[in-house]
Protein chains: 2
Amino acid sequence: MSLPEPAGLDGPGSDFLAEIHGQPMALRVLLEHESEYSRVAAAARDRGAITVRMVGHGSSDNASSYGVYAFGLLPRWTALRDSITLTAYYDAGLDMRGCTVIGLSQSGRTRDVVDYVARARSAGAFTVALTNDVGSDLAGASEAVLPLAAGPERSVAASKTYLNQIAALGLFAASAATEGRRFAEGIRATADLLEGALPVLEEQARVVALSFASVGRMFVVGRGIEFATAREIALKLLETCRVAAEPLTATALAHGPVAALDPLFPVWTIASDDQTLPAVVEAAERVRAAGATLVASGDAAASLPGAAYALPVPRPPEPLLSPLLSVVPGQLFASALARARGLDADRPVGLSKVTLAR
Amino acid sequence: MSLPEPAGLDGPGSDFLAEIHGQPMALRVLLEHESEYSRVAAAARDRGAITVRMVGHGSSDNASSYGVYAFGLLPRWTALRDSITLTAYYDAGLDMRGCTVIGLSQSGRTRDVVDYVARARSAGAFTVALTNDVGSDLAGASEAVLPLAAGPERSVAASKTYLNQIAALGLFAASAATEGRRFAEGIRATADLLEGALPVLEEQARVVALSFASVGRMFVVGRGIEFATAREIALKLLETCRVAAEPLTATALAHGPVAALDPLFPVWTIASDDQTLPAVVEAAERVRAAGATLVASGDAAASLPGAAYALPVPRPPEPLLSPLLSVVPGQLFASALARARGLDADRPVGLSKVTLAR
């Protein structure tokens with residue numbers, strides 16, 4: 001089979017693709033800040049700020065879906081993607097003592113996130129900025145700053161920023177459970193796995209993308225720690241490929257959306273080898289029963305029956321690290337599909353790198 | 001203009017349409033249980049169980065999005081749509097003392113919701129079942145039971161169950177703030193407004209639906225208390241009309257998905273007259289700048305510039321009641337569109353009324 005060559009260094013989408021490839025290195029740079037994560041997590045613990053409220057938009061909000069599990073499974077803290085609107089628009093005046101607030105913004109300039117964090121600080125929360133710009137407004141509004149350390153991201157569609165956000169939330173959560181050292185080593189090992197797998201993943205994603213050139217809608221299904229992955233892959237498909245891609249949990253699929261499926265409505269399913277696997281397999285069976293085309297991804301892709309396409313990833317040292325790998329085929333698929341459609345993943349129409357929208 | 005006649009009492013989708021029309025009455029029946037809501041809310045307050053964890057799937061999960069605002073704005077309690085997976089699959093063992101857990105299930109038989117509630121009770125939560133079946137497994141697993149009182153729902157696509165769920169969460173929240181009486185009167189007045197508006201809303205929705213017979217994808221945008229509405233309308237479109245409809249907050253739209261829009265990708269926007277209106281207007285302007293067809297709904301529909309279609313609703317006694325009205329044009333639109341497409345909204349392919357999927 002003859003395939004198009006990879007995009008050149010200067011072509012449309014070349015920044016996005018280069019940044020996808022830069023992810024193993026970005027993870028390693030994040031690990032240089034391990035002691036800062038340890039210090040801030042200790043401060044949260046000492047202060048009894050053990051309810052975690054995360055706020056962000058787009059990829060930052062997707063990463064927060066991962067944080068719910070990282071904080072729940074490691075220090076056993078309750079973590080939530082908080083409503084920015086409730087505090088920043090409705091001025092609800094919630095009591096936030098006992099809370100750690102994490103504001104996630106690549107640029108540190110997202111207006112309502114900065115506003116939320118300032119109000120949360122007044123309401124008694126321990127406020128932490130997680131940002132690429134430690135001199136930003138968000139950093140200034142927060143008591144503590146954690147560097148995202150992803151380096152400059154030139155593509156409007158985020159990749160390494162997202163990966164470092166989930167690694168950072170995991171490292172924060174692990175540090176809060178005084179397991180930061182072990183988790184950091186797990187991130188390092190996962191970065192190595194990713195680096196080794198990237199050439200094959202890119203080639204596989206490119207082949208699969210060829211079949212999807214005319215697809216206008218998709219579901220992306222993930223459960224538990226992989227729901228963040230489903231959300232992020234769907235967002236990449238929306239913003240870089242103009243596919244109406246909707247993220248769903250395995251169970252949500254069965255509660256209505258499955259009725260929309262047919263053979264021309266493909267479903268990308270992320271299966272990882274953890275306690276949710278039986279539910280994800282059951283969802284895949286429903287997808288197949290509806291006749292829909294199934295793309296199987298994740299480190300347990302081989303467990304999904306009847307997949308037309310498979311984009312498996314390596315198994316990381318522990319399940320909580322799998323989202324660092326399982327999002328990458330989706331990024332690479334979006335990159336290849338955008339190119340096949342003549343779209344520039346670096347500069348989607350109507351978007352800018354720093355979103356100042358309310 | 002000549003329009004198709006409404007579905008007969010026995011035709012496809014007739015249950016769904018009849019149940020939409022039954023909503024004012026269902027709300028009034030719920031209000032007969034006001035004292036039970038007052039009692040359970042007092043128990044939660046007395047016990048200091050002021051973090052609310054809501055669990056449910058499909059429409060029940062959509063209603064929970066409303067609960068975040070009802071509890072945040074009335075008693076100023078933190079409320080979250082909790083991860084069922086974290087507790088029921090990963091067995092994270094979170095400490096749930098100080099929490100009220102509300103399990104939402106029309107049938108009371110949703111397996112993982114029942115499992116979650118049983119575990120939450122062991123973990124110290126005050127557990128409350130909100131269900132149509134007060135003799136169900138969910139009711140049996142919970143310390144307290146609140147009747148949803150929506151009556152039998154024969155259509156697989158929920159309507160009055162959803163409306164009563166949001167009214168019930170509002171009434172619970174208001175009772176927790178010792179404002180139950182006032183809020184109940186607001187619900188009663190809103191039921192009257194809805195009853196008066198239904199004939200016109202049905203006619204308007206039917207006219208708009210005629211233009212959408214070939215639409216395959218849509219966004220539904222709402223913010224704050226209307227995000228629940230956006231989620232529920234999108235779900236109706238998915239399950240009854242097979243439209244790939246994705247709910248988005250006004251701000252999330254700007255963080256990526258706006259890039260997918262074009263004139264053939266319509267956006268349904270719910271505008272209500274509260275503090276979020278400027279952000280929703282800004283989102284509508286972006287939608288129009290992308291050339292997309294805009295459907296304006298909500299009680300501030302007239303504030304949205306450049307709408308091709310408008311489906312306004314009356315203004316309720318207080319903003320927190322507006323979701324009881326603003327979802328109804330979406331239900332009626334889905335009902336009419338399903339009929340225009342020859343689909344049976346009562347029995348979507350692949351769905352059953354009681355979802356036992358994991």
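Remarks
- Any pair with Cβ under 7 angstrom, 6 or more apart, that starts in the stretch B:41-53 at a residue that is in contact (Cβ under 8 Å) with a residue 24 or more places away in the chain and ends at one that is acidic (Asp, Glu) and crowded, with 22+ Cβ neighbours inside 10 Å: B:Arg53/B:Asp82
- Among the residues of the stretch B:283-298, those identified as part of a strand (DSSP E or B) and either of a type in the set (A, V, I, L, M, F, W, C) or within 12 Å of chain A (Cβ to nearest Cβ) (or both) are B:Leu294, B:Val295, B:Ala296.
- Strands (runs of 3 or more DSSP E) enclosed by the stretch B:126-225 - at least 1 residues per element that are over 25 Å from B:Ala250 (Cβ atoms): B:126-131, B:144-147
- Test set (1) more than 21 Å from B:Leu235 (Cβ to Cβ); (2) in contact (Cβ under 8 Å) with a residue 40 or more places away in the chain; (3) assigned to a helix (DSSP H, G or I) - B:Asp112 fails condition number: (1)
- Yes/no for B:Ala301 being among the hydrophobic types (A, V, I, L, M, F, W, C), in contact (Cβ under 8 Å) with a residue 24 or more places away in the chain and facing another protein chain (nearest Cβ under 9 Å): no
- Candidate set: the stretch B:76-109, residues that are within 20 Å of B:Thr161 (Cα to Cα) and assigned to a loop (DSSP other than H, G, I, E, B); chosen: the one farthest from the other protein chains (Cβ to nearest Cβ): B:Gly108
- Out of A:Ser38, A:Ser60, sole residue that is among the hydroxyl-bearing types (Ser, Thr, Tyr), in a helix (DSSP H, G or I) and touching a Gly at 6+ places or on another chain (Cβ under 6 Å): A:Ser38
- Per-region count, the stretch A:61-76, residues closer than 10 Å to B:Ala92 by Cβ and either surrounded by fewer than 24 Cβ atoms within 10 Å (Cβ to Cβ) or in contact (Cβ under 8 Å) with a residue 60 or more places away in the chain (or both): 5
- Within the set B:Ala307, B:Ala234, B:Ala279, the sole residue that is among the hydrophobic types (A, V, I, L, M, F, W, C) and either at pLDDT below 95 or over 27 Å from A:Thr240 (Cα atoms) (or both) turns out to be B:Ala279.
- Number of residues in the stretch B:228-242 that are in contact with a Pro (Cβ under 7 Å, 6 or more places away or on another chain) and either at the interface with another protein chain (Cβ under 9 Å from one of its Cβ atoms) or among the aliphatic types (A, V, I, L, M) (or both): the value is 6.
- Within the stretch B:190-227, the residues that satisfy the criterion of being at the interface with chain A (Cβ under 9 Å from one of its Cβ atoms), buried (at least 19 other Cβ atoms within 10 Å of the Cβ) and not aliphatic (A, V, I, L, M) are B:Arg217, B:Phe219, B:Arg223, B:Gly224, B:Phe227.
- Checking A:Val113, A:Val117 one by one, the residue that is modelled with pLDDT of 95 or more and more than 12 Å from chain B (Cβ to nearest Cβ) is A:Val117 and no other.
- Checked against (1) farther than 30 Å from A:Leu253 by Cα; (2) under 19 Å from the mean Cα position of the chain (by Cα), B:Arg47 passes all but condition (2).
The values are calculated or read from the model by the stated rules, or taken from the named source; none is laboratory data. Given the structure is predicted, the values throughout are model-derived calculations rather than measurements. Glycine gets a Cβ as well: all are built from the backbone with ideal geometry, and neighbour counts include every protein chain shown.
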